[in-house]
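Here the structure is laid out as structure tokens; the discussion comes afterwards.
The values are calculated or read from the model by the stated rules, or taken from the named source; none is laboratory data. These numbers come from a predicted model, not from an experiment. We place every Cβ from the backbone using ideal geometry, glycine too, and count neighbours over all the protein chains shown. Heads up: the accessible areas ignore ligands, DNA and RNA and are worked out on the full protein's heavy atoms, side chains in. Shrake-Rupley method; radii C 1.70, N 1.55, O 1.52, S 1.80 Å.
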Amino acid sequence: MPRVCVIILVLNTIEIMPVQISGYKYQDDDGNGVRATTLIQGANPDLIVVLDTSASTTTKFSGSLNVGDMNNDGQTNTILDAEISALGSLATYLIKGGFGSSRISLIEFNSSSSEVYNGTVEQLDAAAKPELLSKASKLKSTGNTNYDAGLQKASDVSLAWGSKKPNIIFLSDGAPQQDGVNIAKNLKSSGANIQAFGVGSGAIKTPLDNIDSDGSAYIFITPEELSKSLSGKLSGAVLSSISFLEKGIGGVTIYVDTNKNDKFDAGEPTSTTQPDGSYSINASIATGTYNVKEVVPLGYKQTDFPDTILIKTGSEIFTNVDFGNTLTSATNNGAAAFIISGNTDIGSLLSIIKTKDDPEGNGKFNYKWLSSTNGVTWSPLSSTSSNYTIATTDVNM
């Protein structure tokens, strides 16, 4: 009986997808790996988060980020769920920036207000979970929207702390019955930095503007936008309300390391950062996982860099792919050494001879010959080379 040979070919299809990658390159002055903004100010910042928990925060607030049921009230993806989720993003941002030991107070307000948590950002509860988030998970929606109540409680906390410049993040989803303007005015005059934000389409911008330190509140319309902004990942329209405090760096090459050899090669998707540090890469790239990298400028070291990007089937857009660099510390391990050979007779050749190299590199040497009759006052001679021949006119100068 003849044998039948069956050959099965398995083909791995590589698809090429349109990809857009954007972000910022910034000078990380404090070297903490996060870009400083007006959201939180100060070397060791005090932070007061004021969350609206009025009845309307049960409204659905959905987007591509599924935050789930953060407060165990049986409802998912509500405004209050998004506020609690964003609080977690804020805590992560603070800890990454070295502010885990900073004081933080969590205040809820509706018709009245109460302080839910007062401690440090990184403090853990008995179950070894972040206590700030454990407390936040017990918040429930009820009552009306009273800005006065929330801001007065924030003022009380600031006074009890003796804080000179507290950072107050104020989140609300609706129109207030009491606008909080006078209390906010007193807080700002005493040095408080109030950053006010609306959450959801029901938020009203004008009353938020009236309490915001910059007079420019912002209304978040998706949970992912809220979460990203409170974690320091700023882009788009929110930059009208929050500003960067660390400058961007222009002229830097950003690229996708498509051949995965950890260096920039010709033909790889690339962009050069603009003067404000922004960049955008638009390219067609095969599906897969890649690193977005930078060519680190001379004199800098990297402090903040993105995770890998995963390109799947379909058009992909990646934002907030940011890079931070800090200046490297100058070192001085010594200097080059020289001697002058020759004698002082007319016609003699004097030569400057290097006897020791500079440990950091010799670079380019510049020479200047000087003459003096008293060892105090010196006059330059014409030669700028390493050799000089003593002329008759040089005697008794």
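Given a 10 angstrom Cα cut-off, can you work out which residue in Thr384, Thr142, Thr222 is the most mobile in a GNM of the chain?
With Cα springs under 10 Å in the chain, the top fluctuation among Thr384, Thr142, Thr222 is at Thr384.
With springs only between Cα atoms under 10 Å, which of Ile84, Ile353, Ile48 fluctuates most in a Gaussian network model of the chain?
Ile353
Ordering Trp161, Trp369 from largest to smallest accessible area (1.4 angstrom probe), what's the sequence?
Numbers: Trp161 40, Trp369 20 Å².
Heavy-atom accessible area, descending, gives Trp161, Trp369.
Which of Asn66, Leu87, Asn44 sits closest to the plus end of the dipole of region 36-163, meaning its Cα is farthest towards the positive end, when Lys and Arg get +1 and Asp and Glu get -1 on the C-beta?
Farthest along the dipole direction, towards plus: Asn66.
Which entries in Lys129/Lys188; Lys164/Lys247; Lys96/Lys293; Lys60/Lys247; Lys138/Lys205; Lys185/Lys228 show an alpha-carbon gap greater than 30 Å?
Result: Lys129/Lys188; Lys60/Lys247 exceed 30 Å.
Using the charge dipole of region 268-394 (Lys, Arg: +1 at Cβ; Asp, Glu: -1 at Cβ; taken about the Cα centre), state which of Pro297, Pro269, Phe338 has its Cα farthest towards the positive end.
In region 268-394, that residue is Phe338.
Around Leu159, under 15 Å between beta carbons, what's the net of Lys plus Arg minus Asp minus Glu among the other residues?
Here the charged neighbours net out to +2.
Under 10 Å, Cα contacts only: if you run a Gaussian network model on the chain, which one of Ala128, Ala36, Ala336 comes out with the highest mean-square fluctuation?
Looking only at Ala128, Ala36, Ala336, the biggest GNM fluctuation is shown by Ala336.
Once the mean 1/r over all distinct Cα pairs of region 152-243 is inverted, what Kirkwood radius in angstroms do you read off?
Details: mean 1/r = 0.0736 Å⁻¹.
About 13.6 Å, per the Kirkwood formula over Cα pairs.
Can you send over the solvent-accessible area of Asp262, 1.4 Å probe, protein chains only, in Å² to the nearest 10?
Around 110 Å² of this residue is reachable by solvent.
Taking a 1.4 Å probe, which of Val199, Val295 shows the most accessible area, and what order do the others take after it?
Val295, Val199
In nanometres, what is the gap between the two model label sites at Asp125 and Asn32, each 7 Å from Cα along Cα-to-Cβ?
Label-label distance for Asp125 and Asn32, simple model: 2.6 nm.
Can you give me the Kirkwood hydrodynamic radius for the chain, using every pair of distinct Cα atoms, in Å to one decimal? Before the final figure, lay out the partial values.
On the way: mean 1/r = 0.0388 Å⁻¹.
One decimal place: 25.8 Å for the Kirkwood radius.
P(r) of region 71-129 in 5 Å steps, Cα pairs, percent per bin?
Calculated over all Cα pairs of region 71-129, the distribution is 4, 15, 20, 26, 20, 12, 3, 0 percent.
What order, most packed first, do the peptides 89-95, 238-244, 315-321 have when packing is the mean number of other Cβ atoms within 10 Å of each residue?
On the way: 89-95: 20.4, 238-244: 16.4, 315-321: 14.4.
Taking the mean over residues of other Cβ atoms within 10 Å, the ranking is 89-95, 238-244, 315-321.
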